[in-house]
1. From the residues in segment 79-112 that are surrounded by fewer than 18 Cβ atoms within 10 Å (Cβ to Cβ) and β-branched (Val, Ile, Thr), which one is nearest to the chain's Cα centre (by Cα)?
2. I'd like to check something: does segment 63-70 contain any residue that is more than 24 Å from MET137 (Cβ to Cβ), hydroxyl-bearing (Ser, Thr, Tyr), loosely packed, with under 12 Cβ neighbours inside 10 Å and modelled with pLDDT under 95?
3. Can you pull out the strands (runs of 3 or more DSSP E) entirely within segment 113-222 that have at least 1 residues that are more than 17 Å from the chain's Cα centre (by Cα), in contact (Cβ under 8 Å) with a residue 24 or more places away in the chain and surrounded by fewer than 20 Cβ atoms within 10 Å (Cβ to Cβ)?
Amino acid sequence: MKLNEFGQPVGEALPEWQPVEPPTISCIEGKYCRLERLDAHRHAESLYQAFQQSEDERNWTYLPYGPFTSLQDYRDFLVGMANKSDPYQFAVIDSATGNAVGTVALMRIDVTNGVIEVGHLVYSPLMQRTAMSTEVMSLLLEYVFFTLGYRRLEWKCDSLNAPSRAAAVRFGFTFEGIFRQMLVTQGRNRDTAWYALLDSEYSRLRVGYQAWLAPDNFDAAGMQMQRLTDFFDVD
């Protein structure tokens, strides 16, 4: 434990630390998908059609917006989102079809302390339970930690959103607690579950992501042979 001159415990010194840059990249290429800076005019129609593949509106339950009843309403919403630098929104493009199938964002960007959050994950049925959904996270982790040099990536969700909480754990995030009565979302109280992943932790998980995304981890139907967490367990 490090003590200062007064005998008080203090955190690790970071003499080399410098503030980082905000996200500015326009495209991140992967094997199964790519992330393109959100453009309402280019992406709205294919995103709206992708979301129409859902049997019901359950994917919007825990979001502060949606569902959208018309393409024009959704396009108007995307125009507002695309003009913001925080959240910095991406459209997820299926490499096989060239169509936008979901959205994700980097947000609450704190360049001074090197902290950033991944949020606004809205995945259509066309990318749910596919390699794309995991590759999106792998691409963002690589960009956040290795390209930009952030120290901490956060994941927050409604504490009642069990699928989102399970996804955070699967992707290697650590649960840090519940912030009670943090938000009012669509007229309801939201207690928020907080998760985070540190740069040092991602350095260990990075190889696991690469191994899971390798072609030989998928059968002819595109189903995984081994789980992502299986690769994390290997030293």
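The values are calculated or read from the model by the stated rules, or taken from the named source; none is laboratory data. Keep in mind the model is a prediction, meaning the values are calculated, not measured. Glycine gets a Cβ as well: all are built from the backbone with ideal geometry, and neighbour counts include every protein chain shown.
1. VAL111
2. Checked against the condition, which is being more than 24 Å from MET137 (Cβ to Cβ), hydroxyl-bearing (Ser, Thr, Tyr), loosely packed, with under 12 Cβ neighbours inside 10 Å and modelled with pLDDT under 95, segment 63-70 yields at least one hit.
3. Fully inside segment 113-222 and qualifying: 174-185, 188-198.
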